[in-house]
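Reading through the structure tokens given below for one structure.
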Amino acid sequence: MAYEIVGEIVACLDQDLREAWEERAGILEFEAGLQREMAEAIALLMLLKQYPARVVRSVDPAARKKKPRP
């Protein structure tokens, strides 16, 4: 990955979020014609927008201890 921060965050994602990220990145790369690095970064932003609490819990060890809001 060209953007180190993207790789660090993606490495922390659970399996479901990782699969969602890979799917979005692939669509952006092949259907929208973006370069892979940009597709990966945008796919991560899309996950943050759609699942903000889940992504933060995946990345932040302190947030993992908190109970999710209903």
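The values are calculated or read from the model by the stated rules, or taken from the named source; none is laboratory data. None of the values given here were measured: they were computed from a predicted structure. Quick reminder, even Gly has a Cβ in these numbers, built from the backbone with ideal geometry, and neighbours come from all protein chains shown. Keep in mind that these areas ignore ligands, DNA and RNA; they rest on the heavy atoms of the full protein, side chains included. Shrake-Rupley method; radii C 1.70, N 1.55, O 1.52, S 1.80 Å.
On the chain, 56 percent of the accessible area sits on carbon and sulfur atoms, based on a 1.4 Å probe. Positive-end ranking of Tyr51, Gly33, Trp21 along the dipole of the chain, with charges on Cβ about the Cα centre, is headed by Tyr51.
Remark: the stretch 53-60, residue by residue, has Karplus-estimated 3J(HN,Hα) of 5, 5, 5, 4, 4, 5, 8, 9 Hz, where x stands for each Gly or Pro and the curve is 6.51 cos²θ - 1.76 cosθ + 1.60 at θ = phi - 60°.
Quick one: putting +1 on the C-beta of Lys and Arg, -1 on the C-beta of Asp and Glu, what dipole do you get for the chain around its Cα centre, in Debye to the nearest 20?
Computed about the Cα centre, the dipole is about 700 debye.
Taking every C-alpha pair closer than 8 Å and separated by at least 6 residues, the mean separation divided by the residue count of the chain gives a relative contact order of 32 percent. Note that the chain presents 72 Å² accessible area per residue, ligands and nucleic acids not counted, probe 1.4 Å. With a simple spin-label model that places each label point 7 Å from the Cα along the Cα-to-Cβ direction, the separation between Glu8 and Lys49 comes to 2.4 nm.
Computed over the chain, the per-residue total of -39500 (n - 2.57) for DSSP H runs of n ≥ 4 gives a 222 nm mean residue ellipticity of -22500 deg cm²/dmol, rounded to 500. Between Arg36 and Met1, residue separation times 0.36 nm minus the direct Cα-Cα distance comes to 11.8 nm.
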